[in-house]
1. Scanning the stretch 147-187 for residues that are in contact with a strand residue (DSSP E or B) (Cβ under 8 Å, 6 or more places away or on another chain) and not in a helix (DSSP H, G or I), which turns out surrounded by the most Cβ atoms within 10 Å (Cβ to Cβ)?
2. Filter the stretch 270-280 down to the residues that are surrounded by 14 or more Cβ atoms within 10 Å (Cβ to Cβ) and part of a helix (DSSP H, G or I) and list them by number.
3. Taking the stretch 136-151 only, how many residues are among the polar types (S, T, N, Q) and within 15 Å of E170 (Cα to Cα)?
4. Residue check, S131 against (1) under 30 Å from H292 (Cα atoms); (2) crowded, with 22+ Cβ neighbours inside 10 Å, all met but one. Which one?
5. Surrounded by 16 or more Cβ atoms within 10 Å (Cβ to Cβ) and touching a residue at least 60 places away in the same chain (Cβ under 8 Å), is that true of V324?
6. Quick one: which of D114, D83, D101, D125 is part of a loop (DSSP other than H, G, I, E, B), over 17 Å from the mean Cα position of the chain (by Cα) and among the charged types (D, E, K, R)?
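The values are calculated or read from the model by the stated rules, or taken from the named source; none is laboratory data. Just so it is clear, the structure is predicted and the values come from calculations on it, not from any experiment. Here the Cβ positions follow ideal geometry from the backbone for every residue, glycine too, while neighbour counts run over all protein chains shown.
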Amino acid sequence: MTDATISPYETESRLPDLILLAQETSSEKRRALLRELTEHFFGSAQRSDGEDALYDTVLSDLTAEMETAVRAELSARFAGAPDAPRGLIRRLANDEFAVADAVLRNSPVLTDDDLLGVVRSRGQDHLRAVSGRLSVSEAVSDVIVERGDDETLGTLLRNDGARLSRAASETAVERAKVNPALHAAAVERAALPADLLNDMYFVVEARLRQRILEQNAAMDPDLLESALAAGRTRIATEDGSLPADYSESLAYVEELRAAQQLTPTMLARFLRSGSRTSFLIALAQLADMDFHTASQIVERREIDALAVVCKAADLDRALFLTFVVVILGSEENALGKAHLYARLYAELQRDAAQRTLRFWRMRRSNVAAA
């Protein structure tokens, strides 16, 4: 009997026969009934509540006894159906991954409670499938961030339909900082809070740093202030101890400042004479940033970050290049690199540099508050 000859009325009238067939031990007969019911389900223009219950009961019962390939085919068939039998879809979603994949990624029948049950109890393949859904709620994302491995987290971050809570976003960024495979997923995430985006600056490659600068330049002023406010609520991380000559150097820099002799040219003199701590203190004061951030930029030779600081402070390009040459020192092809950085400095917009520096200054405020 085919779907062309079975009417909805006939299906309901055959209820005893369907239940009897569902209890058949013959795999072939059960597969034939499963195929018949599936075809008729999608061929029915309208169904009564009784018919829906019948489909759900018999299809679920039949599916439980079928081999993996048949269950996977059924999952693919029902995954996109908005009126698919709920019991059947829940059963398929909790099946082995080859079966569950299609419904976990696509079924609109699954509720948040259904998905939470899956992501709390199943393995990484199931979590990744849920992470790729058209829409993922904050509640579900929170559990995925907590339980998912880095590959799963990357899938979630790359899905702009996945909503992440503030806490989940902070956790995701902390994990992304130490895994280069997650750098692009975090930086390119459209909904990542701006302060967390800027936290990624010092760990990502040049292409992604440029993207961060572009995002900062394009940010609405009100959103910028909101992002800065959110960032200030975070606890500052430990940045390490101060150098042994810090107190002496600070006193000297303050003396120069009081005498109005703390000029950009003096910073270059500090560098040339090897007074690294004095230079870092003066640079931090000039840019109104914390000492440890300035130290990180110079000690790691983060020249593009130094360009941001100097551009925000409106320093002359020649002075910036003096810093670059001294910091690079005898590094191979230092002069060639300096020419590249000169072009970078010329192209860098001061507004973008100032906005980026404001995020870095939050660390100074947090340390002071602590």
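1. Checked the stretch 147-187; the qualifying residue surrounded by the most Cβ atoms within 10 Å (Cβ to Cβ) is A162.
2. Those that are surrounded by 14 or more Cβ atoms within 10 Å (Cβ to Cβ) and part of a helix (DSSP H, G or I): F270, L271, R276, T277, S278, F279, L280.
3. Total satisfying the criteria: 1.
4. Evaluating S131 over (1) under 30 Å from H292 (Cα atoms); (2) crowded, with 22+ Cβ neighbours inside 10 Å leaves (1) as the failure.
5. No: the conditions fail for V324.
6. D83
To keep it simple, each residue is scored yes or no on (1) over 40 Å from the mean Cα position of the chain (by Cα); (2) assigned by TED's automatic domain parsing to the domain that holds A129; (3) at pLDDT below 55.
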| position | (1), (2), (3) |
| --- | --- |
| R14 | yes, no, yes |
| D17 | yes, no, no |
| F42 | no, no, no |
| D56 | no, no, no |
| R71 | no, no, no |
